[in-house]
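The values are calculated or read from the model by the stated rules, or taken from the named source; none is laboratory data. Bear in mind the structure is a predicted one, so any value in this text is a computation, not a measurement. Because the Cβ atoms are built from the backbone with ideal geometry, glycine has one as well, and the counts that use them run over all protein chains shown. Accessible surface is based on the protein model in full, side chains and every heavy atom, while ligands, DNA and RNA are left aside. Shrake-Rupley method; radii C 1.70, N 1.55, O 1.52, S 1.80 Å.
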Amino acid sequence: MEFKLDRTAFQASSLSKKIHYGEIYQNKTTQELLEIAAYLNSLAYGYPIDTPQKMDKTVFSVRSRK
C-alpha cells in the first residue's frame, strides 16, 4: 500500500486567521453533540449513519476475581 501526501489539502496561515472550531459546538445541546459524534464515527468507519454495525460481543470474556 502506497501513501502520498496531498499538499493541496492544507495551506499555511497566520495565527491571526486561526479558526476557532470550539465556538461552533459551544451552544449545542448534549443530544446534538452525540448526533455529531455518531455522524463522524460513521464517516470514519465507513458505515451508513442509519444502520450502525452491531458490537462483536464474542471478543469479551468474563472471569472471576479471587
State yes or no: is Tyr21 of a type in the set (Ser, Thr, Tyr), surrounded by 10 or more Cβ atoms within 10 Å (Cβ to Cβ) and free of Cβ contacts under 8 Å to residues at least 24 places away in the same chain?
-> no
What is the one condition in (1) surrounded by 10 or more Cβ atoms within 10 Å (Cβ to Cβ); (2) at pLDDT below 80; (3) not in a loop (DSSP other than H, G, I, E, B) that Ser16 does not satisfy?
-> (1)
Could you grab the pairs with beta carbons closer than 7 Å, sequence gap of 6+ or different chains, first residue in region 48-66 and within 25 Å of Ile36 (Cβ to Cβ) and part of a loop (DSSP other than H, G, I, E, B), second one open to solvent by 100 Å² or more (accessible area, probe 1.4 Å) and small (Gly, Ala, Ser)?
-> none
Being free of Cβ contacts under 8 Å to residues at least 12 places away in the same chain, exposed (fewer than 10 other Cβ atoms within 10 Å of the Cβ) and within 25 Å of Pro52 (Cβ to Cβ) narrows it down to one of Gln26, Gln11, Gln31, so name that one.
-> Gln31
